[in-house]
Each structure stands twice: as structure tokens, then as C-alpha cells.
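> Quick one: structure below, then a few questions.
The values are calculated or read from the model by the stated rules, or taken from the named source; none is laboratory data. Fair warning: this is a prediction, and the values are worked out from it, not measured in the lab. In this analysis, Cβ positions are derived from the backbone assuming ideal geometry, glycine residues included, and neighbour counts consider all displayed protein chains. Note: accessible area is taken over every heavy atom of the protein model, side chains too, but ligands, DNA and RNA are not part of it. Shrake-Rupley method; radii C 1.70, N 1.55, O 1.52, S 1.80 Å.
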Amino acid sequence: MELQTFRLPYFAGCRYFQRRSILRRQFCTKRSGFSISCSYSLDKDPLIEKLTDARVIYSVAPAMGHNQEAHPESYLRVPAIVSALEKAELTSKFRGSEIIELQDFKPASLDDIANVHAKAYVAGLEKAMDQASEQGIIYIEGSGPTYATATTFQESLVAAGAGLALIDSVVMSQPGMLVAASNCSQNPPTGFALIRPPGHHAIPKGPMGFCVFGNVAIAARHAQLVHGLKRVFIIDFDVHHGNGTNDAFYDDPDIYFLSTHQDGSYPGTGKIDEIGHGDGEGTTLNLPLPGGSGDISMRIVFDEVIVPSAQRFKPDIILVSAGYDAHVLDPLGSLQFTTGTYYTLASNIKELAKDLCGGRCVFFLEGGYNLDSLSYSVTDSFRAFLGEKSLASEFDNPAILYEEPSAKVKQAIQRVKHIHSL
């Protein structure tokens, strides 16, 4: 079977102007108030046809030069996922046009990064690469967990660029989608950025918690500025609170940030009463879950908190900070998610995007430090995107699970529902 990877050379710093040219060539639109009618024939453009045939589009940015010996956020993480996908025959090589791996995407531009991060931080990090070249490893956060090597700056740009390319691809798979109000295709491919360094801890003024640039936050701004997708809904199910994403949009009414995370875990932020500020009040939802919360808890959270929040917000695209460190086998958390939990989350989020925003949805890898549970869980997420049966039972071991703290979980859910009038 022909290998279905292809190159997208136009995903560069001048994405916006090139995309406008593409849209002028390819689409014929008719405006009536806020509605857009679709009249473009997909068979006229082979690139668009490949994108619309795909069910999953993914990008790989493993940052092989960004590594510290024995550090949990190691250069082995993304290759472990890619190997598991190959073994499961869930790659372009085995699935043809159903699964597409993006090739030769461009790094994010400095302007892309500056849409979220302070220019002084970006410039300072770039300058620090000389020091990293001399010393091998430097620490770019005072508390020590965020390190940098000589390649960190460039590889972080590549990671962010991989996410932007997926946003572009998911939007391009809907050739009638010129504005957010249009839902011409209800089943576009789901995107997954298999990238590192992760991003959700990186605050606007600097790095934090293994994270250098806020990949999902940068992608959210890109979706708004380049594609006119004004209302962005971000779900973060990492075991740790995504404080960087939280801070980036805390006063923004057009980006809804919803985080579930282990109560009391690093970095100690994400309290239930942190709901946004000013115009953004109400568009930040934090739900700290007690240690031991697992599959049952997350199913209830999805139905009673995530779904009604998204329905009320009416997003134009859903982005996901997909942290796999809430898995029961992960060394850095104390929740009890299983591979089956992640399959259910991936499947439900895909359906939620289909119901609310024409299916536009992109996942971004965040945490996950047990290579086996990480790779199995991402692989099963791919199966969920494809609508295929979960194979989580081949990996999960119910015997290691213990009773979830259902009373505490129920109390937390009721409190967050009351605060947000859900």
C-alpha cells in the first residue's frame, strides 16, 4: 500500500497570506448574514481530497536533542508512541489515506510564539542557547525541573509548529469552512500532535514544569488569528494543572479553559474557585480531583461538567492538552486512569466536537512518563478516533485498582457545577 505521508510546504511564517490565496482559488462562497454556503467540489484539489479522506492526521516532533539523563520528560517518549503505533498498524504505512502523518511542517515563527509569550522571554531563551552549547545542560526555571540543551529553542519551535500545521490541516479538510459559523463537513479528521517538550505549564513570561512554549495556547491564538475560529474550547486532562494555559487566557472571554487534575499536585494551582477574571470570568473552569479518582469519576465529570460547559460556550474548535500521566501506572501522579479511560475520553471528545463545532479537534501531547502506559494509551486514543474497538483490556490490569473516592468526587463535581451554574 502506498505510504500516505505528504509535505505541506506552505505551513510557514507567511501561513496567513498563503492561506488567503488558497481560499480565493478553491472556494466559492455566498454570504447571508452569518451563514456560509459550500459550493466547492472536493475532487478539484488532490490535497484537499487527501485531507477529507483522512480520519486521523498526526505530526511527530520528538525533540531528540532536548534530553537530560534520567529525567522523566525524556527523548524516549515520542519514539515509544510511534513504535507502538507502528506495531498496532495504526500509521500511514498500514492504513493508507485513513491516517496521514504530516511531513516537513515549518517551525512556529517568533511572531507565533509572541502571540502568547513575552518577547523578552523568547529572546532570552534564544540567547541562552550559546550557554547551553558550552555547558551541555542549563536550567531555565529557578526551581530546576525545566532544563535546556543547545537544541531546545529550535526544537521547541518545531513542536509548536507541528501543532499549528495540524490546526491548518483540520481546517483545510473542510473546504467550505471560511468562517466559524460554517459546518460544511461534520466529520473532519482528528489531529494529534505527538510533540515535546510539553507546553501547558509554560507561563507567558517564561518556562515551567518541563515546559518551554505553550503549544496548545499558541495553537489557540493561531486558530483565532489565521482561521477566524473565534471561540476556542480547551480541555486539559493532564494529572497536573495546566497553569500556563490558565494564565494565558484568564481574562479572555473567547477561550474557555477547562482543567481536570489531581488535587494538591504540582504546581499547586488550579483551585476550584479560579474561574477567570474581568471579561474572562466564567471561562476558566478548574476541577481538582482527589487522589484515587479514575474511570468512573472521569465518566461522570465528562457528562456533568465537560459536556454542559462546552454546549453553553458553543466553540468553533476544541483543543486538548492530552496528558497521559493520570494513568494508574504513571510515576508522577496518584490518579487511577486506565488505557480504557483514555479511549473513552478520546472517543467522547471527538463526538463532542462533531456535535458542537463541525468535528474540528486537535490533541496535543502533554505529560505521560511511564513509556508503556503512555504508548498504549495514545495508541488506543487513535483507535477511538477511527471508531474502532478498544484493545485496552490487553494492557489494563483491574487487579491493581482500588475503590475510587466517590463521595469526595461527587462533592467536587457538585461544587464546580454550583460555581459555574451548570
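> Any residue that is outside any loop (DSSP other than H, G, I, E, B) and surrounded by fewer than 21 Cβ atoms within 10 Å (Cβ to Cβ) - is there at least one of those in region 374-382?
No: region 374-382 contains no residue that is outside any loop (DSSP other than H, G, I, E, B) and surrounded by fewer than 21 Cβ atoms within 10 Å (Cβ to Cβ).
> Let me ask another. Among the listed residues ASP238, ASP273, which satisfies the condition of being more than 28 Å from ALA108 (Cα to Cα), part of a loop (DSSP other than H, G, I, E, B) and either modelled with pLDDT of 95 or more or open to solvent by less than 10 Å² (accessible area, probe 1.4 Å) (or both)?
Answer to the check: ASP273.
> For region 241-260, enumerate the residues that are open to solvent by less than 40 Å² (accessible area, probe 1.4 Å) and farther than 20 Å from VAL212 by Cα.
Result: ASP252, ASP254, ILE255, TYR256, LEU258, THR260.
> Which of the residues that make up region 106-154 are part of a loop (DSSP other than H, G, I, E, B), of a type in the set (A, V, I, L, M) and farther than 22 Å from ILE218 by Cβ?
ILE137, ALA150
> Need pairs with beta-carbon distance below 8 Å; first residue over 15 Å from GLU403 (Cβ atoms) and within region 273-299, second of a type in the set (Lys, Arg); sequence gap 6+ or separate chains.
Hits for this filter: ASN286/LYS271; PRO288/LYS271.
> Now for a separate question. Are there any pairs, at least 6 apart or on different chains, whose C-beta atoms fall under 6 Å, with the first in region 380-407 and at pLDDT 95 or above and the second part of a helix (DSSP H, G or I) and surrounded by fewer than 16 Cβ atoms within 10 Å (Cβ to Cβ), and if so, which?
GLU404/ILE296
> From ILE99, ILE81, grab the single residue that is under 19 Å from the mean Cα position of the chain (by Cα), within 30 Å of GLY209 (Cα to Cα) and modelled with pLDDT of 95 or more.
Among ILE99, ILE81, only ILE81 is under 19 Å from the mean Cα position of the chain (by Cα), within 30 Å of GLY209 (Cα to Cα) and modelled with pLDDT of 95 or more.
> Being closer than 24 Å to ALA160 by Cβ and not hydroxyl-bearing (Ser, Thr, Tyr) is the filter here; which residues of region 327-346 pass it?
LEU332, LEU345, ALA346
> Criterion first (of a type outside the set (A, V, I, L, M) and touching a Phe, Trp or Tyr at 6+ places or on another chain (Cβ under 8 Å)) does GLU126 satisfy it? So that I can check it myself, show each step before the final result.
Numbers: of a type outside the set (A, V, I, L, M): yes; touching a Phe, Trp or Tyr at 6+ places or on another chain (Cβ under 8 Å): yes.
Taking the combined requirement at face value, the residue satisfies it.
> What residue, among those in region 323-336 that are aliphatic (A, V, I, L, M) and farther than 10 Å from VAL239 by Cα, is most open to solvent (accessible area, probe 1.4 Å)?
Looking at the filtered set, the residue picked out is LEU329.
> Can you tell me which residues in region 92-145 are open to solvent by less than 70 Å² (accessible area, probe 1.4 Å), touching a residue at least 40 places away in the same chain (Cβ under 8 Å) and on the phi > 0 side of the Ramachandran plot?
If the condition is that a residue be open to solvent by less than 70 Å² (accessible area, probe 1.4 Å), touching a residue at least 40 places away in the same chain (Cβ under 8 Å) and on the phi > 0 side of the Ramachandran plot, then GLY96 is the only one that fits.
> Please determine whether any residue of region 294-311 is open to solvent by less than 10 Å² (accessible area, probe 1.4 Å) and either at positive phi or charged (D, E, K, R) (or both).
For region 294-311, residues open to solvent by less than 10 Å² (accessible area, probe 1.4 Å) and either at positive phi or charged (D, E, K, R) (or both): absent.
> For region 278-295, what are the residues that are closer than 13 Å to HIS420 by Cα and among the aliphatic types (A, V, I, L, M)?
Answer for region 278-295, where residues must be closer than 13 Å to HIS420 by Cα and among the aliphatic types (A, V, I, L, M): LEU285, LEU287.
> Next question. Just need a number here: residues in region 39-77 that are hydrophobic (A, V, I, L, M, F, W, C), surrounded by fewer than 19 Cβ atoms within 10 Å (Cβ to Cβ) and modelled with pLDDT under 95.
3
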